[in-house]
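The structure appears right after this line, and notes come after that.
The values are calculated or read from the model by the stated rules, or taken from the named source; none is laboratory data. The structure presented is a predicted model; accordingly, all values stated were derived computationally and were not measured. Here Cβ is always computed from backbone atoms with ideal geometry, including for glycine, and neighbour counts include all displayed protein chains. Surface areas here come from the heavy atoms of the whole protein model, side chains and all, with no ligands, DNA or RNA. Shrake-Rupley method; radii C 1.70, N 1.55, O 1.52, S 1.80 Å.
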Amino acid sequence: MTHAAPAPLSIDDLRRARAAARCGHTIEYFDTLESTNTTAAAHARAGASEGTVVIAETQTRGRGRLGRAWVSPPFRNLYLSIVLRPAIPPGDAPRLALVAGLATADAVAEWAPRVALKWPNDVLVDNRKVAGILTEMDADGDHVRFVIAGIGVNLNGTLDDFPAELRDKAGSLAMAVGAPIDRVAFAARVLSCLEARYARFLAHGFAALRSEWNARSCLQGRQVQIDDGGQRHRGIVSGVADDGALCLRDAAGHDVRIVAGEVTVVDGYQRG
Ligand code: BTN
């Protein structure tokens, strides 16, 4: 597949679609940023209201989880960050990454129903990562000032966009469906899915989203290994808990809760 023609996003269409919404009532649009998360945080510090969105056509220092870079070629994909101001304890804020991951999977499902979530918040299609979430919090004691939810979705990229070491793991939605993806339609959809999931989270907590999260998980019942800063755990995944932790049953029959780390599926993703 060839790259989509390098056309800028029709930002006026996206702004019109979200003008009256909670998520996306204000959309700041840039050609190039270091990172939309950094700019959204600066806007939040300067008083930007909940639901303000920052989008860039390309990022020069796009950030992923665990200090990784997020590959951000221009005009093909979606690099979006949103300012959230939830009235929740700071300790609950990491659950927002799962909420944003579920919302992103909801949007991806409209193009590729076989979408899957890999804890904590990778979005996969056909075992390739097409989207990732990076949430960053600013808190003062027990008060959350804001959370930036950064969403990166590989929409129209090809494998040459990725460094060689990612080419068997990463992909794009267009590669999965075999047709170009309308970036405005996708961005509008992901914001409306986020609005719905976020409202439910605020009203009822992550517990209200847990079973839908688990239903989309590619890890349910799988044998996994988790590397968590020096500690290694192995077990069969029983699911994500009400607080967002990944729960495993280890070989000794003990239940283990994982709150951070990198998951590897020991037996691969495909069931035999
Ligand atoms: C990951 O899976 O490692 C998280 C990737 C998050 C990437 C997005 S792109 C928009 C926002 N700006 C960033 O610098 N990162 C997030």
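Which count do you get for residues in the stretch 44-93 that are in contact (Cβ under 8 Å) with a residue 60 or more places away in the chain, within 13 Å of the ligand (Cβ to nearest atom) and outside any loop (DSSP other than H, G, I, E, B)?
Residues flagged as in contact (Cβ under 8 Å) with a residue 60 or more places away in the chain, within 13 Å of the ligand (Cβ to nearest atom) and outside any loop (DSSP other than H, G, I, E, B) within the stretch 44-93 amount to 11.
Which numbered condition trips up Asp106, out of (1) in a helix (DSSP H, G or I); (2) over 21 Å from Ala176 (Cα atoms); (3) open to solvent by 10 Å² or more (accessible area, probe 1.4 Å); (4) more than 14 Å from the ligand (Cβ to nearest atom)?
So Asp106 meets the others, but not (2).
Could you list all residues from the stretch 115-142 that are more than 10 Å from the ligand (Cβ to nearest atom), free of Cβ contacts under 8 Å to residues at least 60 places away in the same chain and surrounded by fewer than 23 Cβ atoms within 10 Å (Cβ to Cβ)?
Asp126, Arg128, Met137, Ala139, Asp140, Gly141, Asp142
Output the helices (runs of 4 or more DSSP H) that fall wholly within the stretch 132-220 and possess 3 or more residues being within 17 Å of the chain's Cα centre (by Cα) and among the basic types (Lys, Arg), or say none. Please lay out each step first, then the result.
Details: elements: 173-177, 183-204, 210-216.
Per the criteria, 183-204.
Restrict the check to the stretch 192-201 and report whether at least one residue is within 24 Å of Glu50 (Cβ to Cβ), among the basic types (Lys, Arg) and buried (at least 22 other Cβ atoms within 10 Å of the Cβ). Step through it out loud before you land on a result.
Here is the first cut: in the stretch 192-201, the residues within 24 Å of Glu50 (Cβ to Cβ) are 192-201.
From what's left, among the basic types (Lys, Arg): 197, 200.
Adding the requirement that they be buried (at least 22 other Cβ atoms within 10 Å of the Cβ) leaves 197.
Within the stretch 192-201, one or more residues are within 24 Å of Glu50 (Cβ to Cβ), among the basic types (Lys, Arg) and buried (at least 22 other Cβ atoms within 10 Å of the Cβ).
Please identify the pairs in which a residue from the stretch 249-265 that is assigned to a loop (DSSP other than H, G, I, E, B) has its Cβ atom under 6 Å from the Cβ atom of a residue that is not basic (Lys, Arg), counting only partners at least 6 apart or on another chain.
Asp250/Gly235; Asp250/Val256; Val259/Ala245; Ala260/Asp228; Gly261/Ile226; Gly261/Asp227; Gly261/Asp228
Is at least one residue of the stretch 147-163 at positive phi and in contact (Cβ under 8 Å) with a residue 24 or more places away in the chain? Show your work before the answer.
Kept after step one, since they are at positive phi, are these residues of the stretch 147-163: none.
So far as the stretch 147-163 goes, no, none of its residues is at positive phi and in contact (Cβ under 8 Å) with a residue 24 or more places away in the chain.
Looking at (1) within 9 Å of the chain's Cα centre (by Cα); (2) modelled with pLDDT of 95 or more, which one does Asn121 not meet, given that it meets all the others?
Going through (1) within 9 Å of the chain's Cα centre (by Cα); (2) modelled with pLDDT of 95 or more one by one, Asn121 breaks only (2).
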